[in-house]
Amino acid sequence: MPSFDAGSGSSGGETKWVRPETFFDQLGEVLRTTRPQAGETALYAQFTALLEAGAADPEIKAHIDAAFAAADSSFVTNAMKWKYNGKNAGNGWNRSVNNSQWGLDYHNRAATARSNMFENRPNETQYFYTDTDSDSEQLTGSAAYAVTFATGDLPPVDGFWSLTMYDDDHFFYPNELRRYSLGTKNTTLAFDDDGSLTILVGHRSPGPDSESNWLPAPPTTFSLYLRAYGGRSGITEGTWVPPVVRRVG
């Protein structure tokens, strides 16, 4: 794939595409070039009236910009934290809501646009995610974790499932194994004698005998993301509960 020079000022992290100081200057053009969806006509009219009021009065414009800057530092930042995104799925995980069929669910629509932009529809894929272990502590590479799927309790899917590692910017973590997820497609996964499956998560390798089940983590904080493609009953109804993320070291 082509690559692009991010410039000398790049931090190597995510590019900040939406800037509070220019957001409302750009919003008018977006409203003019993007048709409202069903039920959004009145909302478009409210936004347009707000922009017109700001254009006519510098004091109003200053209040508008200040309000968006406050939202950017609170809601937009917290949208990267999974406890604010989706709904409780049990065992410390949250579950996606509406996936690409947002309707009037602007809260989760905005949170998904900020955290992980592209999603399939709920009948195609269901997403589960967590930032914390079973003690509600932030996941970190300085610790080691075990994620155990009980016998017969792998995600019920007609397609496939995967447990993916993301760093604190929701990017893949580069590692020597070039391993960013584990799941159905990994044929070397070792199941326990009772038929259960334990995936080991952490920055340090658990050793050669267990490395086939190891999901490498960055040395800093991270998130886990469980995808279920072509979900069966349990996934589609929201009754299947992801396994506990247990700290073991």
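The values are calculated or read from the model by the stated rules, or taken from the named source; none is laboratory data. None of these values were measured; they are calculated from a predicted model. All Cβ positions, even for glycine, are placed from backbone atoms using ideal geometry, and neighbour counts span all protein chains on display. Ligands, DNA and RNA are excluded from the accessible area calculation, which covers all protein heavy atoms including side chains. Shrake-Rupley method; radii C 1.70, N 1.55, O 1.52, S 1.80 Å.
Carbon-plus-sulfur accessible fraction, the stretch 14-120 (probe radius 1.4 Å, protein heavy atoms only): 58%. Classification of the stretch 1-94 by its C-alpha gyration tensor yields an oblate form. The axis ratio a/c (a ≥ b ≥ c) is 1.5 or more, and b/c is at least a/b. Note on the stretch 115-180 and the stretch 25-102: Cα centroid distance 27 Å, given to the nearest whole angstrom.
Each peptide in 140-146, 176-182 was scored by the mean count of other Cβ atoms within 10 Å over its residues; highest first, the order is 140-146, 176-182.
Among 80-89, 213-222, the peptide with the highest mean count of other Cβ atoms within 10 Å heads the list, and the full ranking is 213-222, 80-89.
Restricting the calculation to Cα atoms, the stretch 86-137 shows an Rg/Rh of 1.00 when the hydrodynamic-style radius is the Kirkwood one. For the stretch 97-183, what value does the Rg/Rh ratio take when both radii are computed over Cα atoms and Rh is the Kirkwood radius, given to two decimals? That ratio is 0.98, to two decimals. Annotation: per residue accessible area for the chain equals 58 Å², rounded to a whole number [probe 1.4 Å, protein chains only]. Dipole orientation for the stretch 56-199: of the candidates Tyr173, Val97, Thr140, Val97 has the Cα lying most toward the positive pole (charges on Cβ; Lys, Arg +1; Asp, Glu -1). Stokes-Einstein, applied to the Kirkwood radius of the chain over Cα pairs at a viscosity of 1.567 mPa s and 4 °C, places its translational diffusion at 63 µm² s⁻¹. Of all DSSP-defined beta bridges confined to the stretch 125-237, some 90% are antiparallel rather than parallel. The apolar share of the surface of the stretch 128-249, taken as the fraction of accessible area on carbon and sulfur atoms (1.4 Å probe, ligands and nucleic acids excluded), comes to 48 percent. Taking a straight line from the alpha carbon of Lys16, these lysines sit under 25 Å away, with near neighbours fewer than eight places off in the same chain left out: Lys61, Lys81, Lys83.
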